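The block underneath contains the structure these notes are about, expressed in structure tokens.
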Amino acid sequence: MVNSKHGLIVNDIKKAINAGKYEVDTKIPSENQLSDRYGVSRQTVRKAILELEQEGYLYAKHGSGTFVARRRSKRGNSKNIAVVSTYMSDYIFPRVIQGINQVLSDNGYSILLKTTNNSRKGEAWCMEELLSKNIDGMIIEPSQSAISCQHQVLYDQMDMMGIPYVFIQGCYEAMLDRPHVMLDDVEGGRLITRHLIALGHRKIAGIFKADDTQGILRHKGYVKALQENGIEYDPDLVTWYHTKDKGEKPMEGLLRICELNLPFSAVVCYNDEIASAVINGLKAIGKKVPEEISVTGFDNSLLAHSKGITTIAHPQEELGKKAAETLIGLINGSISKKGAHVLLAPELVERKSCM
């Protein structure tokens, strides 16, 4: 939060540089122009520019003005690693961070934690702030990863500065060549759907998240299992939702299917949280689970344990460890970027929500 006039100028110029509005060696507005724009004294402007010069954002040419500097690498001996997650209280992330912390601590690193609330603006803001700090690397859970990334320039800037980073849980489509550690969500979606088919289900509804790559990939696995077993894909049995709609849209989709009298005997849900809500919703309208409708989740969270939900085990701690090991390998040069693509195998966990 900016709480001073010079701080506002510093923040605005940083944002402009990080967003690519000012390229390297481009002259920024003069002291007089900035003074007029912000309604402050030239002394305040000079203070802001000096701070930006000290942080390596700007450099002065005597008699010519102030220009955007080529950012130098902040890699080195800080022993600080930034970890950016979508939610700190998410039912998966605490165990992921345990895995990350175990490996980083064993290697003498400290963690800087940031959360985005699964907002792309929040992710950009976190990255802008972290780029001004002395960090050796970054582990990032991308926000709304199925939607085109509008701040790729910040990742390009990290590449330019020599700051290695690893995506976890998902990855923007345009950056699939960047280092990442993920669960094989396609195979997970295929395994859970194949399990229902093996139980005799043919009309299987699906609820998937549209703005994260996990949802897209799990849907792909669902479709793959149907095709492998000669079952025609029915788009009317599939409900898509976005992060902001997760409280209402999934159950609304199932109610629509019921109102249209479309037959279905099972539901593949994006994750355990949705599966739990679906079980409650089905019971509320008089449907018995699993006697009438089987329900599956994804992630093997505490919710799945407590509600007896058949699910896919998410190797949360292992994923965190692999992400930290991969990042350390990138930092010390023992792993190349091309070799930094890790896909973890999913496992089916059978419980009482299916029959």
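Remarks
- Any hit, region 76-83, residues being more than 26 Å from the chain's Cα centre (by Cα), surrounded by fewer than 19 Cβ atoms within 10 Å (Cβ to Cβ), more than 30 Å from SER301 (Cα to Cα) and at pLDDT 85 or above: no
- Failed item, numbered, when GLN33 is tested on (1) in a loop (DSSP other than H, G, I, E, B); (2) loosely packed, with under 14 Cβ neighbours inside 10 Å: (1)
- Residues of region 265-316 classified as in contact with a strand residue (DSSP E or B) (Cβ under 6 Å, 6 or more places away or on another chain) and under 19 Å from TYR241 (Cα atoms), total: 15
- The sole residue among VAL24, VAL2 that is within 23 Å of TRP125 (Cβ to Cβ), in contact with a strand residue (DSSP E or B) (Cβ under 7 Å, 6 or more places away or on another chain) and either modelled with pLDDT of 90 or more or among the β-branched types (Val, Ile, Thr) (or both) is VAL24.
- Within region 264-281, being charged (D, E, K, R) and touching a Ser or Thr at 6+ places or on another chain (Cβ under 7 Å) holds for one residue alone: ASP272.
- Every pair of residues 6+ apart whose Cβ atoms lie under 6 Å, when the first sits in region 101-122 and is more than 15 Å from SER78 (Cα to Cα) while the second is assigned to a strand (DSSP E or B): LEU113/VAL83; LYS114/VAL84; THR115/SER85
- From LYS338, LYS283, LYS322, residue being over 28 Å from the mean Cα position of the chain (by Cα) and either surrounded by fewer than 21 Cβ atoms within 10 Å (Cβ to Cβ) or not in a loop (DSSP other than H, G, I, E, B) (or both): LYS283
- Looking across region 142-158, the residues that are farther than 20 Å from HIS219 by Cα and touching a helix residue (DSSP H, G or I) at 6+ places or on another chain (Cβ under 9 Å) come down to CYS149, GLN150, HIS151, GLN152, VAL153, LEU154, TYR155, GLN157, MET158.
- Screening VAL45 with (1) within 28 Å of CYS171 (Cβ to Cβ); (2) crowded, with 19+ Cβ neighbours inside 10 Å; (3) among the aliphatic types (A, V, I, L, M) gives one miss only, at (1).
- Here is the figure for region 201-259: residues that are crowded, with 20+ Cβ neighbours inside 10 Å, assigned to a loop (DSSP other than H, G, I, E, B) and without any contact (Cβ under 8 Å) to a residue 60 or more places away in the chain total 0.
- Selected residue [in the same structural domain as ASP299 (by TED's automatic domain parsing) and over 30 Å from GLY329 (Cα atoms)] from GLY215, GLY189: GLY189
The values are calculated or read from the model by the stated rules, or taken from the named source; none is laboratory data. Just so it is clear, the structure is predicted and the values come from calculations on it, not from any experiment. Don't worry about glycine lacking a Cβ; one is built from the backbone with ideal geometry, like all the others, and counts go over all protein chains shown.
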